[in-house]
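Visitor: Pasting a structure below so you can have a look.
The values are calculated or read from the model by the stated rules, or taken from the named source; none is laboratory data. Being a predicted model, the structure only gives us computed values, none of them experimental. Here the Cβ positions follow ideal geometry from the backbone for every residue, glycine too, while neighbour counts run over all protein chains shown. In case anyone asks, the SASA skips ligands and DNA or RNA and just uses the protein heavy atoms, side chains included. Shrake-Rupley method; radii C 1.70, N 1.55, O 1.52, S 1.80 Å.
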Amino acid sequence: MTRRLLGALLTAATATVLLGTTPASAAAANFAGTVALSNCSGSVVKPAATPDSAPALVMSNGHCLETGFPGPGQVITNRTSSRTFTLLNASGGNAGTLRAKKIVYGTMTDTDVSLYQLTTTYAQIKSSYGISPLELSNAHPSAGAAIDVVSGYWKRIYSCNVDGFVYRLKEGSWTWKDSIRYTSACQTIGGTSGSPIVSGGKVVGVNNTGNEDGARCTENNPCEVDQAGNVTVHYKTNYGQETYGIPACLTAANEIALTQAGCTLPRP
C-alpha cells in the first residue's frame with residue numbers, strides 16, 4: 001500500500017526501463033475517463049442510473065487522499081477539497097484538468113476507496129472534452145473474469161483475470177473484506193493505486209495493494225485470512241477492492257447517503 005505511493009516518485013521513463021514495456025501497453029480497455037492524481041491513479045465514474053446533470057465523481061483509494069491515510073475505523077464524508085485531476089483521453093493524452101469540490105467519501109476500513117465530487121457535471125465534461133465516465137457496475141465481479149487495471153498515473157494497462165476473492169485481507173492496521181485477488185499477469189507498481197478495475201466494459205473494483213516482500217500482514221505485505229482464521233501469504237500477488245456496493249450509497253445528485261436502503265459502506 002505505502003509502496004503504491006512511494007513508487008509514484010519514480011519517473012515514467014524509469015518505470016518503462018524497469019518494466020521493459022512502453023507506458024501505454026496494449027489492452028482491451030483504454031484510458032478514456034481515467035485520471036492521474038499527484039500520487040495515484042483514478043477514474044471518473046458514474047452509477048448507471050445517475051443523470052448526466054449530476055456533479056461528476058472521481059474514484060481512487062482511501063490511502064490516496066491528500067489528508068493522509070484514514071485510521072482504522074475512520075470514515076471521511078463531505079470534506080472540502082480543491083484537488084485537481086488530469087483527465088485522460090483514449091490514447092492516454094491529457095484531455096484537460098478537473099477540480100474537486102469535496103471529498104464525498106473516504107475510508108480504509110472494510111475497503112480502500114475515496115470518492116471526490118467535482119465542480120463539473122458529467123454533461124459538462126462530455127461537452128468540454130468529449131469524454132464519458134466509466135460506469136460503476138452494481139454486480140459482484142466473477143471469479144475467472146478478464147480484467148484490466150487501468151493506471152492513469154503511468155498511462156499503463158495491466159490485463160489479467162480475477163484469481164479469486166479473499167475473505168479478509170490484512171495489511172498493517174487495516175482489514176479489507178471480500179478483496180479481489182489478481183492472477184500473476186497484473187504486476188501493478190507504485191502509482192497504480194486507485195486505478196479502476198474494468199471487466200466487461202464496467203468498473204468492478206479499485207486497485208489498492210500487493211505483497212511486495214513476502215512478509216506477513218505488514219504494510220506493503222498484505223496477508224489473506226480465511227473464515228477459520230488461517231493466514232496465508234501470497235508473495236508478489238496484487239489485490240483490489242470491490243466497488244459494486246457504492247451505487248446503493250449515492251443519491252441521484254452524487255451525494256453520499258450511508259443510511260440509504262442497500263448501502264453497506266462503513267459509516268462514521
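Visitor: Could you please tell me which pairs satisfy a Cβ distance under 9 Å, a separation of 6+ or placement on different chains, a first residue in region 118-142 that is farther than 19 Å from Leu98 by Cα, and a second residue that is in a strand (DSSP E or B) and of a type in the set (Ser, Thr, Tyr)?
Guide: As it stands, the answer is Ser137/Ser199; Pro141/Ser199; Ser142/Ser199, since those pairs meet every condition given.
Visitor: Same structure again: Among the listed residues Ser127, Ser142, which satisfies the condition of being out of contact with any helix residue (DSSP H, G or I) (no Cβ under 8 Å at 6 or more places or on another chain), more than 22 Å from Gly210 (Cβ to Cβ) and surrounded by fewer than 19 Cβ atoms within 10 Å (Cβ to Cβ)?
Guide: After ruling out the rest, the residue left standing is Ser127.
Visitor: Look at region 232-248 and say how many of its residues are free of Cβ contacts under 8 Å to residues at least 24 places away in the same chain, of a type outside the set (Ser, Thr, Tyr) and outside any loop (DSSP other than H, G, I, E, B).
Guide: 0
Visitor: On the given criteria, is Gly42 open to solvent by less than 10 Å² (accessible area, probe 1.4 Å), in a loop (DSSP other than H, G, I, E, B), within 28 Å of Lys126 (Cα to Cα) and at pLDDT 65 or above?
Guide: no
Visitor: Sort out which residues of region 182-201 are aliphatic (A, V, I, L, M) and within 22 Å of Cys64 (Cβ to Cβ), and write them in order of number.
Guide: Once the filter is applied, which keeps residues that are aliphatic (A, V, I, L, M) and within 22 Å of Cys64 (Cβ to Cβ), region 182-201 yields Ile189, Ile197, Val198.
Visitor: Quick one: count up the residues across region 249-268 that are surrounded by fewer than 16 Cβ atoms within 10 Å (Cβ to Cβ) and either assigned to a helix (DSSP H, G or I) or within 15 Å of the chain's Cα centre (by Cα) (or both).
Guide: Here the count works out to 0.
Visitor: Counting only residues that are of a type in the set (Phe, Trp, Tyr) and under 13 Å from Val44 (Cα atoms), how many does region 103-128 have?
Guide: Counting residues in region 103-128 that are of a type in the set (Phe, Trp, Tyr) and under 13 Å from Val44 (Cα atoms) gives 2.
Visitor: Oh, and also: Of everything in region 130-139, what is over 13 Å from Val203 (Cα atoms) and buried (at least 16 other Cβ atoms within 10 Å of the Cβ)? Give them in sequence order.
Guide: Selection gives Ile131 alone.
Visitor: Restricting region 77-88 to residues that are under 18 Å from the mean Cα position of the chain (by Cα) and without any contact (Cβ under 8 Å) to a residue 60 or more places away in the chain, which is farthest from Phe31 (Cα to Cα)?
Guide: Within region 77-88, the match that is farthest from Phe31 (Cα to Cα) is Arg83.
Visitor: Looking at this structure, is Ala185 modelled with pLDDT of 95 or more and touching a Cys at 6+ places or on another chain (Cβ under 7 Å)?
Guide: yes
Visitor: Continuing with this model, one more query. Can you give me the number of residues within region 238-248 that are open to solvent by 20 Å² or more (accessible area, probe 1.4 Å) and over 15 Å from Leu136 (Cα atoms)?
Guide: The qualifying residues number 0.
Visitor: For region 180-204: of the residues being over 17 Å from Met59 (Cα atoms) and touching a Lys or Arg at 6+ places or on another chain (Cβ under 9 Å), which is most open to solvent (accessible area, probe 1.4 Å)?
Guide: So the residue we want is Ser184.
Visitor: Of all residues in region 218-237 being open to solvent by 30 Å² or more (accessible area, probe 1.4 Å) and hydrophobic (A, V, I, L, M, F, W, C), which is farthest from Cys186 (Cα to Cα)?
Guide: So the residue we want is Ala228.
Visitor: Please go through (1) hydroxyl-bearing (Ser, Thr, Tyr); (2) open to solvent by 10 Å² or more (accessible area, probe 1.4 Å); (3) within 17 Å of Gly194 (Cα to Cα); (4) touching an Asp or Glu at 6+ places or on another chain (Cβ under 8 Å) for Thr121 and return the number of the only condition it doesn't satisfy.
Guide: (3)
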